[in-house]
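Read the structure below first, then the notes.
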Amino acid sequence: MNKLEIPNIDTITNTVKRIRNKELRVVDLIKEHLERAHSVNSDTNAFITIIDSALDRALELDLKIQNGDTDLENKSLLGIPFTVKDLYMVDGIRTTFGSKYMSDFIAVYTSTVVQKCLDQGGILIAKANCDPWGFGSSGENSGYGATKHPLDLERTPGGSSSGSASGLLSGVGFFSLGTDTGGSVRLPASFTGLLGLKPTYGRNSRYGIGAMASSFDTPGFFTRNLEDMALLESIMAGKDINDATTSETETINYLDSLNKIEESELKNITFGVAPEFFIDGLNPEIKEAIDLKIKELKDKGFKIKDISLPSSKYALACYYVLVPSEISSNRARYDGVRYGPIESDNYEENLSEGRSKYFEEEVKRRIMIGTFALSKGYSDQYYKRASLVREKIKNEFKNAFKDVDVIISPVSPTTAFKIGEKINDPIQMYLVDIFTVTANLAGIPAISLPLGVDSKGLPIGIQLMANMFNEDTLFKASKVILNN
């Protein structure tokens with residue numbers, strides 16, 4: 001068979017209830033998921049590091065549960081196994097950032113959002129494969145080999161958070177953390193039929209995560225259902241003293257809000273549709289699926305309004321000037337002194353030889369693009385002009401959200417493509433991000449939801465975008481899409 005069997009897995013809340021009621025031992029749950037991780041990894045290459053020592057933590061929790069430890073009473077992720085993209089640092093655990101350049105790096109502290117999950121009783125069981133530092137849309141650029149799609153092992157699960165999506169779909173863990181700089185959570189979610197969230201920039205802390213482009217990077221995650229997603233964002237959102245870009249904007253319990261909303265309130269949500277997202281090159285089956293969903297919403301009395309975002313047609317070009325520029329700047333720290341291998345005692349030789357030997361091709365490509373865009377004589381022509389376009393895109397979204405609550409669009413022009421199909425054509429690969437980069441340019445929250453499958457049985461996703469810090473609205477609109 002060229003595909004894996006996909007198991008059915010319960011919600012986080014129901015599983016935690018079973019653990020609390022002593023119907024399920026944590027050690028049995030963790031052992032099951034670790035065995036699954038080892039089993040599927042030979043087919044999918046979803047994980048760079050599998051953390052077998054997680055069993056020790058499981059045994060500790062079981063003992064505390066047996067002893068009636070009151071400290072566990074409010075742990076909403078008690079005993080829940082999860083995985084993280086290998087850009088997240090975890091104290092004492094190897095963190096490669098998906099690159100051979102960092103193959104021996106052991107983190108000395110833990111990312112804020114990972115720590116929040118651990119503090120709630122979650123148990124980390126694996127670090128997931130990814131494009132190096134998030135540079136890619138397919139997972140094929142990883143220094144540790146391409147990640148494969150569980151539903152068709154000849155296809156990519158999407159990138160750059162490829163292993164996070166592939167592993168979760170394969171049945172490993174209850175959720176997986178990824179990062180989204182231009183669609184790197186939403187695209188794999190769409191390709192694999194999972195839910196993928198990119199929160200508002202500044203809603204979740206970036207502390208302890210390998211940087212790609214600092215003004216775009218957003219910690220996001222994958223789940224199998226909306227209830228788990230609302231619960232997890234309630235845990236991870238909030239101000240972090242270690243990340244000056246995090247916002248003090250109030251957070252709420254998104255799961256409680258989602259559970260309490262009445263159908264009549266949901267009817268008040270206005271969905272916007274912009275023609276700029278339905279362009280030539282969009283797979284007809286994807287367009288048909290989204291058009292059908294919009295029609296179903298109209299027929300059931302939901303409000304649909306046509307809007308326009310004219311500058312969105314420049315979003316991809318703008319993104320691929322600004323992001324490589326920040327990539328180029330952020331790579332300066334990888335000099336073989338603070339990070340990276342030692343190839344020579346001479347600093348300049350070590351810098352050159354280490355990068356030449358261990359940086360993957362896509363890493364080199366993006367550094368060169370960014371360095372060119374920032375170079376003397378070209379920064380005004382490219383970087384500054386792209387920055388102005390970014391502001392225009394932000395303003396157009398801001399104005400659009402005066403009339404609508406969420407905006408509907410495709411996630412990707414295609415469903416999951418075959419490994420090797422686009423890897424030698426960077427332009428075609430970059431075009432995969434055409435519908436997702438706008439949310440990162442504008443800093444707004446966006447989500448990918450499953451919408452069915454195409455004629456090949458491959459998942460189709462639909463994207464919803466909301467105004468900044470309106471994750472609550474995004475979840476409620478998602479409930480409408482999934483239930484109607």
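The values are calculated or read from the model by the stated rules, or taken from the named source; none is laboratory data. None of these values were measured; they are calculated from a predicted model. Because the Cβ atoms are built from the backbone with ideal geometry, glycine has one as well, and the counts that use them run over all protein chains shown. Note: accessible area is taken over every heavy atom of the protein model, side chains too, but ligands, DNA and RNA are not part of it. Shrake-Rupley method; radii C 1.70, N 1.55, O 1.52, S 1.80 Å.
The C-beta contact set for the range 327-351 (first residue more than 19 Å from residue 367 (Cα to Cα), second residue outside any helix (DSSP H, G or I), distance under 8 angstrom, 6+ apart or interchain) comprises 342/336; 343/336; 347/335; 347/336; 347/337.
Residue 229 passes every criterion in (1) over 18 Å from residue 200 (Cα atoms); (2) among the hydrophobic types (A, V, I, L, M, F, W, C); (3) in contact with a helix residue (DSSP H, G or I) (Cβ under 8 Å, 6 or more places away or on another chain) apart from (1). When the criteria are applied in full, residue 251 meets the requirement of being open to solvent by 10 Å² or more (accessible area, probe 1.4 Å), touching a strand residue (DSSP E or B) at 6+ places or on another chain (Cβ under 8 Å) and of a type in the set (Ser, Thr, Tyr). Does residue 386 count as over 24 Å from the mean Cα position of the chain (by Cα), open to solvent by less than 70 Å² (accessible area, probe 1.4 Å) and modelled with pLDDT of 95 or more? Judged against the criteria, residue 386 is a match. For residue 391, the stated conditions do not hold, so it cannot be described as open to solvent by less than 30 Å² (accessible area, probe 1.4 Å), part of a helix (DSSP H, G or I) and among the acidic types (Asp, Glu).
Residue count for the range 215-249 under the criterion of being of a type in the set (D, E, K, R), more than 24 Å from residue 459 (Cα to Cα) and out of contact with any Asp or Glu (no Cβ under 9 Å at 6 or more places or on another chain): the result is 3. Of the residues 397, 469, the single one that is over 17 Å from the mean Cα position of the chain (by Cα), over 18 Å from residue 315 (Cα atoms) and either open to solvent by less than 10 Å² (accessible area, probe 1.4 Å) or of a type in the set (Phe, Trp, Tyr) (or both) is 469.
Is one or more of the residues making up the range 120-129 at pLDDT 95 or above, open to solvent by 10 Å² or more (accessible area, probe 1.4 Å) and closer than 22 Å to residue 188 by Cβ? The answer is yes; a qualifying residue exists. One residue is enough: does the range 273-285 have a residue meeting the conditions touching a strand residue (DSSP E or B) at 6+ places or on another chain (Cβ under 6 Å) and not in a loop (DSSP other than H, G, I, E, B)? The answer is yes, given that some residue of the range 273-285 is touching a strand residue (DSSP E or B) at 6+ places or on another chain (Cβ under 6 Å) and not in a loop (DSSP other than H, G, I, E, B). Restricting attention to the range 448-466, the residues that are among the β-branched types (Val, Ile, Thr) and open to solvent by 20 Å² or more (accessible area, probe 1.4 Å) add up to 1. Inspection of the range 11-23 finds no residue satisfying the criterion of being of a type in the set (Ser, Thr, Tyr), closer than 18 Å to residue 147 by Cβ and touching a residue at least 40 places away in the same chain (Cβ under 8 Å).
Can you say whether residue 158 is buried (at least 18 other Cβ atoms within 10 Å of the Cβ), in contact with an Asp or Glu (Cβ under 8 Å, 6 or more places away or on another chain), in contact (Cβ under 8 Å) with a residue 24 or more places away in the chain and under 30 Å from residue 448 (Cα atoms), as far as the supplied structure shows? Spelling it out, it is not the case that residue 158 is buried (at least 18 other Cβ atoms within 10 Å of the Cβ), in contact with an Asp or Glu (Cβ under 8 Å, 6 or more places away or on another chain), in contact (Cβ under 8 Å) with a residue 24 or more places away in the chain and under 30 Å from residue 448 (Cα atoms).
Among residues of the range 35-53 that are more than 20 Å from residue 7 (Cα to Cα) and touching a residue at least 40 places away in the same chain (Cβ under 8 Å), those with a beta-carbon under 8 Å from a residue that is β-branched (Val, Ile, Thr) and outside any helix (DSSP H, G or I) at least six positions away or on a different chain give the pairs 48/96; 49/93; 49/96; 51/93; 51/125.
Could you grab me the full set of residues in the range 349-361 that are surrounded by fewer than 16 Cβ atoms within 10 Å (Cβ to Cβ) and within 18 Å of residue 105 (Cα to Cα)?
Residues of the range 349-361 that are surrounded by fewer than 16 Cβ atoms within 10 Å (Cβ to Cβ), as a first pass: 349, 352, 356-357, 361.
Residue satisfying the conditions is 357 alone.
Residue count for the range 409-429, restricted to those that are open to solvent by 10 Å² or more (accessible area, probe 1.4 Å) and either at positive phi or β-branched (Val, Ile, Thr) (or both): 6.
Residue-wise test of (1) at pLDDT 95 or above; (2) open to solvent by less than 20 Å² (accessible area, probe 1.4 Å); (3) not aliphatic (A, V, I, L, M).
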| position | (1), (2), (3) |
| --- | --- |
| 298 | yes, no, yes |
| 305 | yes, no, yes |
| 311 | yes, yes, yes |
| 319 | yes, yes, yes |
| 334 | no, yes, yes |
| 341 | no, no, yes |
| 347 | no, no, yes |
| 363 | yes, yes, no |
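A Cβ distance below 8 Å, combined with a sequence gap of six or more or placement on separate chains, defines the contacts here; from the range 410-435, residues that are of a type in the set (Lys, Arg) reach residues that are assigned to a loop (DSSP other than H, G, I, E, B) and surrounded by 15 or more Cβ atoms within 10 Å (Cβ to Cβ) in the pairs 418/156; 422/138; 422/432.
Among the hydroxyl-bearing types (Ser, Thr, Tyr), part of a helix (DSSP H, G or I), touching a residue at least 24 places away in the same chain (Cβ under 8 Å) and open to solvent by 60 Å² or more (accessible area, probe 1.4 Å): is that true of residue 371 in this structure? Don't jump to the end; show me each part of the working.
On the way: among the hydroxyl-bearing types (Ser, Thr, Tyr): yes; part of a helix (DSSP H, G or I): yes; touching a residue at least 24 places away in the same chain (Cβ under 8 Å): yes; open to solvent by 60 Å² or more (accessible area, probe 1.4 Å): yes.
Here the answer is yes, as residue 371 does meet what is asked.
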